[in-house]
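Worksheet: the structure to be examined is printed underneath.
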């Protein structure tokens, strides 16, 4: 466990130090069991990393890595992205691995692509039985990095006529997991022709994604 944390702390040091501009790192897409389409939003992370490199002074490789939730490889990534439409199942060992990763300084962004909500809430209870998802307050740094979101998340795609909400898990006061619900943030990062969303909507989605990356790499409560 300590070795895993040391690896993650080293990666986070690179991501936050002055050498970050010269040291390209990657972000990871979470592969999980249960039958859900963990591979959806295929062009999202590529576009997000390109946008971040252009606008918030990062140097992230635009080629995403796919990482199993139970693998020690997750400790090489300061930022993990998890999405899908359906069922998701964590084994006991996978839940423990993700818990160690998040407590050790990692960050998980969960994007409900529609239909994930029931399953992800159930599975994250395996990871943190003592925590519940809370609405992230609008004065939190996640909404107030380089790009300002005074009203919280934007609505990328309509599903059930519910407002977009940003939920979070907090460990010792620090946001370690951000969950966008009824928002489809990842879809807003896709290539323009995938959904034909307006350029303004895609821009706002990418700006919010950049805030998430900035927070995950550099911290701040």
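The values are calculated or read from the model by the stated rules, or taken from the named source; none is laboratory data. Since the structure is predicted, the reported quantities are computational estimates derived from the model, not experimental observations. Don't worry about glycine lacking a Cβ; one is built from the backbone with ideal geometry, like all the others, and counts go over all protein chains shown.
Taking residue 41 as meeting all but one of (1) under 17 Å from the mean Cα position of the chain (by Cα); (2) at pLDDT 95 or above; (3) surrounded by 21 or more Cβ atoms within 10 Å (Cβ to Cβ), write down the number of the exception.
It fails just one condition, (2).
Pick out the one residue from 130, 158 that is more than 17 Å from residue 98 (Cβ to Cβ) and either modelled with pLDDT under 95 or out of contact with any helix residue (DSSP H, G or I) (no Cβ under 7 Å at 6 or more places or on another chain) (or both).
158
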